[in-house]
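*Asks:* Got a structure for you, written out below as structure tokens; questions coming shortly.
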Amino acid sequence: MAIETIHRPGALKQTNKSHKHGKHASKRELERVAKGKVNLKTLTRRPNRQQSRDERRQQANQLRKNKRQEAIALKRAIGGALTAPFLTCVLPLNDMIDPNSALAFIEGCDPEATVTKVSERIRYMNVPRFRQRFSFVVPETGHGRELNVLDALKVCDSVILLLTAAAGDSEEVIDKAGAKVLNMALTQGLPTPMVCLMDMESVNPKKRPQVKTNVQKVVSTILPDEKVMQLDKLTDALNLLRRIGGQKRRVMHNRCNRPHMLGERVEYVPSGPVAGQDRPMGTLKVTGFVRGVPLSVNQLVHIPGLGEFQLESIGFPTDPYRMRKMEDGEMSCDEQKPPLLADPEQQASLQRENVPDAMDAEQTWPTEDEIAASRVENKKKLVKRVPKGMSDYQASWIPDIEEQDEDEDDDDDDDDDEQYMSCESDTESKVGDRGKEDGTEDESQQFDEISVSEEISADRYDKEMDLEEERSTLAKIKAAKADEIFPDEIDTPADKPARERFIKYRGLESFRTSSWDAKENLPYDYARVYQFQNFDHTKRRIIREAQQKEGDDVVMPGWYARLHVKNVPQDLWSAFTSAGNGERLIVYGMLPHEQQMSVMNVCLKRTQNSSIPIKSKERLIVQCGYRRFIVNPIYSQHTNGDKHKYERYFRPGMAVVATFFAPIQFPPAPIVCFRENPDTSLSMVASGSLFSCNPDRVVLKRVVLSGHPYKINRKSATIRYMFFNPEDIGYFKPCKLRTKLGRVGHIKESLGTHGHMKCVFDAQLKSHDTVLLYLYKRVFPKWTYEDCIVSCRPDGEGASTSSMTKSERSVTFNAKVEMMQE
């Protein structure tokens, strides 16, 4: 039997390397194992693959189509036969221009147009050629009427800026008053502008192109994208109408997110006394077109100059400005809509402040000793300014007495008094030197001849000058300059222990990373305000719901309606009409929570024309969106983080965050700040936007104590002039020390009894270095909010606001504006 032999490879057999597949199954192996089954996540997951050329082209066409439809819908939202007319403001920028002449060209440009004159300031125009409706508003202009122009521009869709070629010089095309109004309007937010040049017929035909070029150069510096149109013929007016109806309009989000109405017809019906009210009330009927977003009969309304009110009902009168002849079967609906009545259960409340519980978190009843001690602590002291050398008996006849709490910030007063006294002494010395110089000059030149007219004019100028205001302004400028050179540095008082002087302050290891509890030691006013858990989320939800509001109690934009505003005080309405504001009203629908008080933070920047520093807690008139009120804000740095440094002065060129108590308002909202001049006129000092409504913003005031090296060793040094007793050194021993040249150290021990101390640093000090100790304290705004509503005092219009109480000092801008002078 033969035996089979098996061939075995020898030592020289070639062995090839195996395929390195990465120790994972291949796609074919995975498909073989799956046997056709598909994972659910893989099936539902959106394929992340590159689209083909046809798919990309189709997607681009769809996006283009959607944007075109949105633009067409936005353009057709106003101006049509069944929508609200185009609301246009006619604003002359020169006193030589009469706006009625421009309106005469516009009204006569189309013979088929129908013009309805509601009042001297409001006119409606229907143009069948364009199948569009227009409304023109002419606000009151001139000295002291700038705020009326700003209120009219808030609700208008576009504005016609009128210029004249008869001014001669191109620099005089826009006069001083026109430039002031235009600057305020640009800061607030200018609607879609159109610039029209009039009176070109009065210019020599050979000079007309050059005149128009010069005017275009002036306009381009303010509005770079606008082209000057000519308005001297009927064809020019027709082109202007065509541009108003077909141009792309700017979106003013603060206006578009809220319902608003320009009241063209206003009627006040007294209703007698109301339960719970101590003065007679009435119903205010405002008629006009609703614009913006839908308006509910259960939401609150705000009327500038009057305040916030509830609606009683909404009626629907027949639209008197509807187009009579329309093509394609487009006819206005003659059905009379039933009036909408407010539901008391669903109607928003007018409650502005939270009512805190005084016994909240109280564990035990206070004893009589604690009650007596609290009364002593809360006792108010009388503070008055008394000239030097005046006796107590003479000082008792001075009526300028202010009540001030003893527990207020003494350090603020001390710092300000030190700076103020130094500046005042410098001023007095300068005035004395100036008087001596004048006296010597008079003695040496007593025989010079002086004309009587020059002497009378100089005396008259001196009488008109407010020397007290001059001294206070000079002192404020010097104090702001000193604070800019040596920020937050103050001298340690030698007559008072530093541990008592700075008992409210604390040191921080790091201003950026150290923790500070936002709910720690809050004042009582913080219990009266409201706070959101997430302000941004609430804002987005409320604005989305306002734009998508539907129901039986809702008035859609474009409807002609009559609002019945209830419980309007009769004396308040009489004072409002006496100021010349009864012909035209502006009504804003308020979003939820906008009637409640909170802590508002706004980002501000100084205007170019304002050069005087503004001190923190100084009185300002703030226009926030549709509101205008008076507050005393505090300023802080606009930085990231949970703590923000307090700024004592709002200097020119700075950008800060102002914090104050005010009703809630959802951004975006433009901010314009005005300051009252000594001659009762208003000047714009700052502008910005609403940042947030958050009471948890921590504003820390910093105080810097400085010391100087006396003896310097390798890493230790003897520091003096920071403290003056060893007890203060031991009190502030845990605080970290820093120098102006970047060294960091700490206090080791006290030397002697006169304030010398041994300190250790991370490196050797320089002889010219300065040792600094940073202390911080949280500051809060004061509750000084005042609505700008009409003052309805019974003693007449001439009543001084300084003699009113805090509740009576609600001075309206309408009453104040009449006193404004340039």
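The values are calculated or read from the model by the stated rules, or taken from the named source; none is laboratory data. Keep in mind that what you see is a predicted model, and the values were worked out from it rather than measured. Positions of Cβ are generated from backbone atoms using ideal geometry, with glycine treated the same way; all protein chains shown enter the neighbour counts. What goes into the accessible areas is simple: the full protein's heavy atoms, side chains included, and nothing from ligands, DNA or RNA. Shrake-Rupley method; radii C 1.70, N 1.55, O 1.52, S 1.80 Å.
*Asks:* Would you mind checking which residues have amide H under 5 Å from A686's amide H? H placed 1.01 Å from N; only 5 or more apart, or other chain.
*Replies:* T607, C673
*Asks:* Let me ask something else. Once amide H atoms are placed 1.01 Å from N in the peptide plane, what residues at a sequence separation of 5 or more from Q230, or on another chain, have their amide H within under 5 Å of its amide H?
*Replies:* Here L197 satisfy the definition.
*Asks:* Out of the total accessible area of region 75-250 (probe 1.4 Å, heavy atoms of protein only), what percent is carbon and sulfur?
*Replies:* Whole-percent figure for carbon plus sulfur exposure: 50.
*Asks:* Something else about it: What distance in nm separates the simple spin-label points at E172 and L341, each placed 7 Å from Cα in the Cβ direction?
*Replies:* Label-label distance for E172 and L341, simple model: 6.5 nm.
*Asks:* How would R499, R651, R68 line up by accessible area, probe 1.4 Å, largest first?
*Replies:* Descending order: R68, R499, R651.
*Asks:* Sticking with this one: Multiply the residue separation of K740 and Q62 by 0.36 nm, subtract the distance between their alpha-carbon atoms, and state the gained length in nm to one decimal.
*Replies:* Stretched fully, the K740-Q62 segment lengthens by 237.8 nm.
*Asks:* Oh, and also: Under the 0.36 nm per residue contour assumption, what length would be gained going from the current alpha-carbon distance of K227 and H7 to full extension?
*Replies:* On the way: separation 220, 0.36 × 220 = 79.20 nm, distance 9.96 nm.
Stretched fully, the K227-H7 segment lengthens by 69.2 nm.
*Asks:* On to the next question. How big is the gap, in Å, between the Cα center of region 213-273 and the Cα center of region 126-153?
*Replies:* 7
*Asks:* Now for a separate question. Please work out the FRET efficiency for the pair S52 and V218, using the Cβ-Cβ distance as r and a Förster radius of 45 Å; give the result to the nearest 0.05.
*Replies:* Values: r = 54 Å, r/R0 = 1.20.
In this case the efficiency is close to 0.25.
*Asks:* How much length is gained if the chain between F316 and T639 is pulled fully straight, taking 0.36 nm per residue apart and subtracting their Cα-Cα distance, in nm to one decimal?
*Replies:* On the way: separation 323, 0.36 × 323 = 116.28 nm, distance 5.05 nm.
Length gained, F316 through T639: 111.2 nm.
*Asks:* Using the Karplus equation 6.51 cos²θ - 1.76 cosθ + 1.60 (θ = phi - 60°), what ³J(HN,Hα) coupling, rounded to whole Hz, does each residue of region 177-192 give in order, writing x for Gly and Pro?
*Replies:* With coefficients 6.51, -1.76 and 1.60, one gets 5, x, 5, 5, 5, 5, 5, 5, 5, 5, 5, 6, x, 8, x, 4 Hz.
*Asks:* Still on this model: How big is the antiparallel share of DSSP beta bridges in region 75-250, given as a percent to the nearest 5?
*Replies:* Expressed as a percentage, antiparallel bridges in region 75-250 total about 35.
*Asks:* In nm, give the distance between the simple-model label positions of K248 and A25, each being 7 Å from the Cα along the Cα-to-Cβ direction.
*Replies:* Those two pseudo-labels are separated by 5.6 nm.
*Asks:* Using label points projected 7 Å from each Cα along Cα→Cβ, tell me how many nm separate S510 and A77, to one decimal.
*Replies:* It works out to 4.8 nm between the two label points.
*Asks:* Output wanted: per-residue J couplings in Hz (rounded whole) for region 126-141, from phi through Karplus 6.51 cos²θ - 1.76 cosθ + 1.60, θ = phi - 60°, x for Gly and Pro.
*Replies:* After applying 6.51 cos²θ - 1.76 cosθ + 1.60, I find 9, 10, x, 4, 9, 6, 9, 10, 10, 9, 10, 10, 10, x, 6, 10 Hz.
*Asks:* Can I ask one more? If the convex hull of the alpha-carbon atoms of region 97-181 is projected onto planes in all directions, what is the mean projected area in square nanometres?
*Replies:* 6.5
*Asks:* Please check which bits of region 613-637 a label hung off T538 would reach, taking the label as a point 7 Å along Cα-to-C-beta and the cut-off as backbone N under 11 Å.
*Replies:* none
*Asks:* Could you sort I6, I106, I789 by their accessible area in this structure, using a 1.4 Å probe and putting the largest first?
*Replies:* Reading off the accessible areas and sorting them downward yields I6, I789, I106.
*Asks:* Let me ask something else about it. Which order do K180, K782 take by accessible area at a 1.4 Å probe, largest first?
*Replies:* Greatest to least solvent exposure: K782, K180.
*Asks:* Something else: So what are the ³J(HN,Hα) numbers for region 694-706, from phi and the Karplus equation (6.51, -1.76, 1.60; θ = phi - 60°), rounded to whole Hz, Gly and Pro as x?
*Replies:* 9, x, 7, 5, 8, 10, 10, 8, 9, 10, 10, 9, 10
*Asks:* So which of K496/K643; K519/K617; K212/K233; K117/K248; K154/K233 end up more than 20 Å apart, counting from Cα to Cα?
*Replies:* K496/K643; K519/K617; K117/K248; K154/K233
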